[in-house]
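So the structure is just underneath, and the comments pick up after that.
The values are calculated or read from the model by the stated rules, or taken from the named source; none is laboratory data. Here the structure is a predicted model, which means the values were calculated and not measured. Glycine also receives a Cβ, built like all others from the backbone with ideal geometry; neighbour counts cover every protein chain displayed. Side chains are part of the model used for accessible areas, which takes the heavy atoms of the whole protein and leaves out ligands, DNA and RNA. Shrake-Rupley method; radii C 1.70, N 1.55, O 1.52, S 1.80 Å.
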Amino acid sequence: MNYKTIIEPFKIKVVEPIKITTVEERKAFLKKANYNTFLLNSEEVLIDFLTDSGTSAMSADQWAGIMQGDESYAGSSSYHKMHKTIFNLTGMEYIYPVHQGRAGERILYSLLGGKGKTFISNTHFDTTRANIEFSGAEAIDIVIPEGLNPMQYHPFKGNMDTEKLEKLILEKGADNIGAVILTVTNNSGGGQPVSMKNAKEVSAICKKHGVNLFLDCCRIAENSYFIKEREEEYKNVSSKQIAVEMFSLCDGAVMSAKKDALVNMGGFLAVKNKELSESCKNLLIITEGFTTYGGLSGRDMEALAIGLEEVFDEGYLKYRIKSTSYLGDRLHAMGIPLIWPIGGHAVYIDAKALYPNIPVNQYPGQSLVCQLYLLGGIRSCEIGSVMFGKYDDNHELIPASMELVRLAIPRRVYTQSHIEYVIEVFERILLEKEKAFGMKITEEPKFLRHFTSKFEPIYKA
Ligand code: F0G
């Protein structure tokens, strides 16, 4: 029997209280935080949609695994357990634990990067791009055109433009390509999936030109579920098997385990090539730790190994993808402009379309972030001109291409009633649309200004 209600496939054993606050209290908290929700204390937040990274609830099995952690400096049994799980999934022999995704990126891309090198991705995540550019190399994004159009439907909006890929490799010269990186799902493009067909085409082009292909696989299970749902020939294949096939197309992978491995901290770097693995090993030992723990405790590796198995449970994945799209579909039906279709881990609101009266130099995304917090205690993240805007010589803002607000949904943390509450807050957002205020920046750092900038509201006369 098929019921239409998809229930959370878990029950709650441990709870973490949420402090209920009033609008008046939140006004004071927001002012104190200088209208930057990164500067709020977490107990001032009702529903925390800042990120899906490191915010998962671990299972009873993972907590039990924590007690089994072997903290030996070398040859830890927890490492071997983690190695086995990752090897079975990726088929990659050389596996190094790192403290989080960006540490793996730094090791791999500093080795393959440097001046004159080019990296090509559907969309490089910020830390990936930063690590590549820090090495002196350039990072080029070539997602398919549909991936850049918020409302245009495409089942795999995270796909890479393969025509552009081949052209770029020829133009730059294969020897100058540091690597091609497929980000699954494509976080910076709205959490949109990459199809197996596209991954196979990308892999064939890379093989033809002798270029390395890596997976940024922090949301690989969610991506696999989308393939199972949307790519006809995979409908009877398990999500795990789909992931195994995708890894088989690649030369290596970097994973921030804080997402689909359902842990609060951790990651790994895996490669097939022995020579490359030796160079990675040296850098790992210098900067993270010995090969059998890298940046992690034994207990972290236990939890990671268990989480990486749990995440491929089809019941869990169905709940995960359907619950994210439930929120997005309801907001869409209500008339909230957003990236369509809904991605795997987050709903991305188009704040510029929601608040056409707030000019981009008054940051409509930041304005929505503040309204969500004031009206509902919801913490979200601006992905627009606060995050990516630059200034010209006259200190005029060069805005980002989109003014988005991301509602990233932690895994196994919130229930249906939390989501119903968020939907109700958005009803209020629509009712009070005209009251939303623009923002000005009063203090900002040189880099990554979204984290620490201070703002002030621009109240209408
Ligand atoms: N790659 C992707 C696609 C990511 O989304 C992230 C992190 C990383 C790499 C880096 O991993 O944080 O473990 O060093 N994304 C988080 C987010 C921060 O909120 O989307 P990390």
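Straight-line reach from residue 235: which lysines fall under 23 Å, measuring Cα to Cα and dropping same-chain residues less than 8 apart?
4, 157, 197, 200, 318, 322
In whole angstrom, note down how far apart the Cα centers of region 338-354 and region 423-461 are.
First find each Cα centre; the distance between them is then 18 Å.
At what distance in angstrom do the alpha carbon centres of region 227-245 and region 357-401 lie from each other?
With region 227-245 and region 357-401 each reduced to a Cα centre, they are spaced 38 Å.
Once you have the Cα-Cα distance between residue 451 and residue 230, take 0.36 nm times their residue separation minus that, and quote the gain in nm to one decimal. Mind dumping the intermediate values first?
On the way: separation 221, 0.36 × 221 = 79.56 nm, distance 3.64 nm.
Working it through step by step, the gained length comes to 75.9 nm.
Expressed as an acute angle from 0 to 90° and rounded to the nearest 10, what is the orientation of the C-alpha long axis of helix 239-248 relative to the principal long axis of the chain?
With rounding to tens, the tilt is 60 degrees.
Just read off the accessible area of residue 278 with the full protein assembly in place, 1.4 Å probe, to the nearest 10 Å².
Near enough 70 Å² of accessible area.
Please report the antiparallel percentage of the DSSP beta bridges confined to the chain, to the nearest 5.
Numbers: 28 of 45 bridges.
Close to 60 percent.
Given a 1.4 Å probe and heavy atoms of the protein chains only, how would you sort 67, 439, largest accessible area at the top?
Values: 67 160, 439 0 Å².
My answer, sorted largest first, is 67, 439.
Give me the accessible area of residue 280, 1.4 Å probe, in Å² rounded to the nearest 10.
Roughly 0 Å² of residue 280 is accessible to a 1.4 Å probe.
What does the charge count around residue 304 come to, taking other residues whose C-beta lies under 13 Å from its C-beta (Lys +1, Arg +1, Asp -1, Glu -1)? Write down the numbers at each step before the final one.
Numbers: positive: 81, 84, 258, 259, 299; negative: 61, 260, 300, 302, 309, 310.
Its environment carries a net charge of -1.
Can you tell me the FRET efficiency between residue 19 and residue 241 if r is taken as the Cβ-Cβ distance and R0 is 45 Å, rounded to the nearest 0.05? Working shown, then result.
Numbers: r = 44 Å, r/R0 = 0.97.
Approximately 0.55, to the nearest 0.05.
Please list, by residue number, everything in region 235-264 whose backbone N is under 19 Å from a paramagnetic label point 7 Å out along Cα→Cβ of residue 2.
From region 235-264, the list is 235-239.
Please give, to one decimal in nm, the separation of the simple spin-label points placed at residue 197 and residue 10, each 7 Å out from Cα toward the Cβ.
About 3.5 nm separates the two model spin labels.
Sum up the lysine pairs in region 330-461 that clear both bars: alpha-carbon distance under 19 Å and a spacing of 8 or more or different chains.
Number of lysine pairs found: 13.
Let me check I've understood the local charge: for residue 339, count other residues with C-beta under 14 angstrom from its C-beta, Lys and Arg +1, Asp and Glu -1. What total comes out? Can you show the working numbers first?
Numbers: positive: 157, 352, 406; negative: 146, 329, 350, 403.
Computed value for this residue: -1.
Specify the longest stretch of the chain that does not include any exposed loop site, a site being one of the trypsin sites (Lys or Arg not before Pro) with a non-H, G, I, E, B DSSP assignment and at most 11 other Cβ atoms within 10 Å.
Working: sites that count: 4, 11, 13, 19, 115, 235, 446, 460.
Answer from the scan: 236-445.
Give the shape of region 60-310 as rounded, prolate or oblate, defined through the alpha-carbon gyration tensor: a ≥ b ≥ c are the square roots of its eigenvalues, a/c under 1.5 means rounded, and otherwise the shape is prolate if a/b is larger than b/c and oblate if not.
Working: a/c = 1.95, a/b = 1.29, b/c = 1.51.
Because a/c hits 1.5 or more and a/b fails to exceed b/c, region 60-310 counts as oblate.
Amide H of residue 178 versus every other amide H placed in the peptide plane: which residues, excluding those fewer than 5 positions away on the same chain, fall under 5 Å?
For residue 178, whose amide H was placed from the backbone, the distant partners under 5 Å are 118, 119.
For the residue pair residue 39 and residue 176, what label-to-label distance in nm results when each label sits 7 Å from Cα along the Cα-to-beta-carbon direction?
According to this spin-label approximation, the distance is 4.4 nm.
Just going by the charge dipole of region 60-310, with Lys and Arg at +1 and Asp and Glu at -1 on Cβ, which of 308, 248, 80 is farthest out on the positive end?
In region 60-310, that residue is 248.
Multiply the residue gap between residue 353 and residue 133 by 0.36 nm, knock off their C-alpha separation, and tell me the result in nm, one decimal place. Before the final figure, lay out each step's value.
Working: separation 220, 0.36 × 220 = 79.20 nm, distance 3.21 nm.
Value of the extension gain: 76.0 nm.
Working with all protein chains in place, sort 5, 55 by solvent-accessible area computed with a 1.4 Å probe, largest first. Walk me through the numbers on the way to the answer.
Numbers: 5 100, 55 50 Å².
Reading off the accessible areas and sorting them downward yields 5, 55.
Starting from the Cα of residue 322, move 7 Å in the Cα-to-Cβ direction to define the label point; list residues of region 1-22 whose amide nitrogen is under 11 Å from there.
Residues passing the 11 Å test: 2-9.
Can you compute the FRET efficiency between residue 77 and residue 309 using 1/(1 + (r/R0)^6), with r the Cβ-Cβ distance and R0 = 22 Å? Round to the nearest 0.05. Mind showing how you got there, number by number?
On the way: r = 17 Å, r/R0 = 0.76.
Efficiency computed from Cβ-Cβ geometry: 0.85.
Within the accessible area of region 60-310, what % is carbon and sulfur when the probe is 1.4 Å and the other protein chains stay in place?
Working: 5070 of 9790 Å².
Of all accessible area on region 60-310, carbon and sulfur atoms account for 52 percent.
Quick one: accessible surface of residue 300, probe radius 1.4 Å, all protein chains present, in square angstrom to the nearest 10.
Ignoring ligands and nucleic acids, residue 300 comes out at about 40 Å².
Please list the non-local residues whose amide H lies under 5 Å from the amide H of residue 47, H modeled 1.01 Å from N, same-chain partners needing a gap of 5 or more.
Answer set, sorted by chain and number: 378, 379.
Let me spell out the model: positive unit charges on the Cβ of Lys and Arg, negative unit charges on the Cβ of Asp and Glu, origin at the Cα centre of region 60-310. What dipole size does that give, in debye rounded to 20? It would help to have the intermediate numbers written out before the result.
On the way: 26 positive and 32 negative charges, 47 e Å.
With Lys and Arg at +1 and Asp and Glu at -1, about 220 debye.
Any idea how far apart residue 437 and residue 264 come out in nm if each label point goes 7 Å out from Cα toward Cβ?
A separation of 3.6 nm, rounded to one decimal place.
Given a cut-off of under 8 Å on Cα pairs at least six residues apart, what relative contact order in percent is computed for the chain?
Numbers: 946 pairs, mean separation 102.0, N = 461.
Normalised by residue count, the contact order of the chain is 22 percent.
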